[in-house]
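Engineer: Take a look at this one; I'll ask things after.
The values are calculated or read from the model by the stated rules, or taken from the named source; none is laboratory data. This is a predicted model, so every value here is computed, not measured. Cβ: placed from backbone, ideal geometry, glycine included. Neighbour counts: every protein chain shown. Only protein heavy atoms, including side chains, enter the accessible area calculation; ligands, DNA and RNA are left aside. Shrake-Rupley method; radii C 1.70, N 1.55, O 1.52, S 1.80 Å.
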Amino acid sequence: MEVQTAHFPTLPGRTTGHHPTVGDGSIPALVQCQKLITAEAFARATAVAAETGEPFQTVLNRLGLVSERALAEAIASATGLPQLAAEALPAAPVAGASPSTAFLRDARVLPIAADAGWLHVAMADPFDDFAAEALGFLYGLPVARVVALPSDIDAAIDRLYRETPVDATDGDTAADEDDLERLRDLVSDAPVIRAVNRLIADAVDLRASDIHVEPADDRVVIRFRIDGVLVLQPPLPPSMRSALVSRIKVMAGLNIAERRLPQDGRMRLAVRGNEIDLRVATAPSIHGETVVLRILDRANLALDFASLGFSNDLADRLRAALAKPYGIVLVTGPTGSGKTTTLYAALSELNSGTRKILTIEDPIEYRLAGIVQMQVNNAIDLTFATALRSFLRQDPDVMMVGEIRDLDTAQIAVQAALTGHTILSTLHTNTAVGAIARLIDMQVEPFLLSSTLNAILAQRLVRRLCPTCRQPYQPSKAQLGALGLDGTTSGPFFKAVGCDTCRHTGFDKRIALIELLTIDDEVAGRVLERADARTIAKAARKSGALTTMLADGITKLQTGTTTFEEVLRVAAES
């Protein structure tokens, strides 16, 4: 059947009409003609497409050279075809025929309407005459083409044709869990590759810190952690459950045959032109393996104290502690509170090129230039304690220990500090003062702590108000009273509203609330006396050695950085 384009100008390169010809009428020609990427990048993408057999536009997106949206806008502009938003895609399949789901996925096309004698088709590549002609023949109608994002088309196909299995090799709707060869075939299936790449790219675009893949009975639940809050994403069909998880495991170097035990791995991808590291953790569940991917975006990593939430006063006090010729600086807080990032910022301050800096981490989250980093490996007994012992023979100036977990590690750290080294580490306690009690509970002698501890920092992450849409308001007396403030406390105070910039959440990224205890003579005296945490905190506040998390939260309230609710959530009891 002859395929025409109703209501819209014909494609350039076929019939020139009202628009200039674009090369040979293809996406590579359009990209080259409009100089969307450099000649070197074009040659690289062409070579990768030829080697892998992937569509050129898929390679562009996977390599981070051109985003899906930018390419779709360029195609629509060059061809004069309308560009369709995701919400404009149909809620039900177009009646009249039953196209193969495998064909729709491979061609990235979707029939969206049949009216006035025309079949309207959303296409990621509107230059694909074969796909348009095939649908026109199937429905018996001439085809009108529109442009849509490939990921939007994939999501609509998943939603509209979810009963059709991803792999059309047989009638099963899920992979045979015992057939590893078939599972490997599924992993290399193009729709699965696209689904994983799209999942990661979407998470990076939304500045998510984690991707949660959770198989359920009738779907694969996808959630992104954005600014500390889990946000539900469009689900995937249950037919993709095994293939999706196995694809991620292959990319992370994990064993796809082992589905009964948790596994950990990591991988590195180029997304939007940036190298992204991902930590991958799998765990068995009743409906299959769940996966959590921690996104470590080095391009957006800020390793300066101001960006992390330190006021000028707190940053200066911490720098003074780091500048001492020897001693221990600890960072405490729960998992996911940014302890490691703060330690990296401290290392960056110390990394002048004149110091030998060694780290032992589990895992290594970011690679830091000029610093020797080592990964814990329990299988060969490379623990924090054994690595720390070996460090002492490497002529170091500064050593970072990922975590002090036991007496052995704590004693070696103290001995290293006594012999003229600077030690940075983390500890799992709720408050800065609580770290002293925790170390004493580990049987570290108080006289050693009083002479080696320089500073202890505790922190929590809170959501930062979007500076574009935040609005001033007058908090209630109850809100003020909850933080120990009265009605005369000066503001202004701000609340979250929501706009396009922050995706209508009212918040933009996260920032740390800081509690800092510097060890002065008053605090050291109380430690020697084995005083309890309350007595040490009281002495530290009296001497000015302790800034509480609540005090830092109030400062951030008065500067419009966060909200009452966020401060109350993490610092009301400090």
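Engineer: Over 10 Å intervals from 0, what percent of Cα-Cα pairs in segment 408-544 sits in each interval?
Structural biologist: 11, 29, 24, 19, 16, 2
Engineer: Using modelled amide H (1.01 Å from N, peptide plane; none on Pro or chain starts), what sits under 5 Å from the amide H of ASP210, excluding residues fewer than 5 places away?
Structural biologist: Residues meeting the amide H criterion: ARG225, ILE295.
Engineer: Roll a 1.4 Å probe over the protein heavy atoms and report the accessible area of MET267 in Å², nearest 10.
Structural biologist: Only protein atoms counted, so the area is about 10 Å².
Engineer: Quick check on packing: order 125-135, 213-223, 548-558 by the mean number of other C-beta atoms within 10 Å, highest mean leading.
Structural biologist: On the way: 125-135: 19.9, 213-223: 16.8, 548-558: 21.5.
Sorting 125-135, 213-223, 548-558 by mean packing, highest first, produces 548-558, 125-135, 213-223.
Engineer: Please express the Cα-Cα pair-distance distribution P(r) of segment 310-357 as a list of whole percents, one per 5 Å bin, running from 0 to the bin with the greatest distance.
Structural biologist: Pair shares across the bins are 5, 17, 28, 29, 15, 6, 1.
Engineer: Where does each of 468-476, 431-439, 100-108 land if you order them by average Cβ count within 10 Å, highest first?
Structural biologist: Details: 468-476: 14.9, 431-439: 24.3, 100-108: 19.0.
Descending mean neighbour count gives 431-439, 100-108, 468-476.
Engineer: Could you give P(r) for the chain, binned at 20 Å from zero, as whole percent values over all Cα-Cα pairs?
Structural biologist: Percent of pairs per bin, in order: 18, 42, 30, 10, 1.
Engineer: Please state the relative contact order of the chain as a whole percent: Cα pairs under 8 Å, 6+ residues apart?
Structural biologist: Values: 1038 pairs, mean separation 51.7, N = 574.
Relative contact order comes out at 9 percent.
Engineer: Return the percentage of antiparallel bridges among DSSP beta bridges fully within the chain, rounded to the nearest 5 %. Can you show the working numbers first?
Structural biologist: Values: 58 of 88 bridges.
Given both bridge residues lie in the chain, the antiparallel proportion sits at roughly 65 percent.
Engineer: Tell me, which cysteines of the chain are without a disulfide-compatible partner by the Cβ under 4.7 Å rule?
Structural biologist: CYS33
Engineer: For SER26 paired with GLU529, estimate the spin-label separation in nm (one decimal), with each label point 7 Å from Cα along the Cα-to-Cβ line.
Structural biologist: So the two model labels end up 8.3 nm from each other.
Engineer: Would you please give the residues with an amide H less than 5 Å from that of LEU453, counting only those at least 5 places away or on a separate chain, with H modeled from the backbone geometry?
Structural biologist: Placed amide hydrogens put ILE328 under 5 Å from LEU453.
Engineer: Quick one: which of LYS339/LYS495; LYS339/LYS556; LYS477/LYS556 span more than 21 angstrom between C-alpha atoms? Don't skip to the end; give the middle numbers.
Structural biologist: Details: LYS339/LYS495 27 Å; LYS339/LYS556 19 Å; LYS477/LYS556 19 Å.
Check vs 21 Å cut-off fails for LYS339/LYS495.
Engineer: Can you send over the carbon and sulfur percentage of the accessible area for the chain, probe radius 1.4 Å, protein chains only? All intermediate terms of the calculation are to be shown ahead of the outcome.
Structural biologist: On the way: 12810 of 25370 Å².
Carbon and sulfur together cover 51 percent of it.
Engineer: Any idea how far apart VAL231 and ALA216 come out in nm if each label point goes 7 Å out from Cα toward Cβ?
Structural biologist: With each label point 7 Å from Cα toward Cβ, the separation is 1.9 nm.
Engineer: Extension gain ASP397-PHE130, at 0.36 nm per residue separation less the Cα-Cα distance, in nm? Don't skip to the end; give the middle numbers.
Structural biologist: Working: separation 267, 0.36 × 267 = 96.12 nm, distance 6.61 nm.
Value of the extension gain: 89.5 nm.
Engineer: What order, most packed first, do the peptides 561-569, 227-235, 513-521 have when packing is the mean number of other Cβ atoms within 10 Å of each residue? Show your work: numbers first, answer last.
Structural biologist: Numbers: 561-569: 20.8, 227-235: 15.3, 513-521: 23.1.
By packing density, highest mean first, the sequence is 513-521, 561-569, 227-235.
Engineer: Using every Cα-Cα pair within segment 284-440, state what percent have a distance larger than 28 Å.
Structural biologist: On the way: 2545 of 12246 pairs.
Result for the distance tail: 21 percent.
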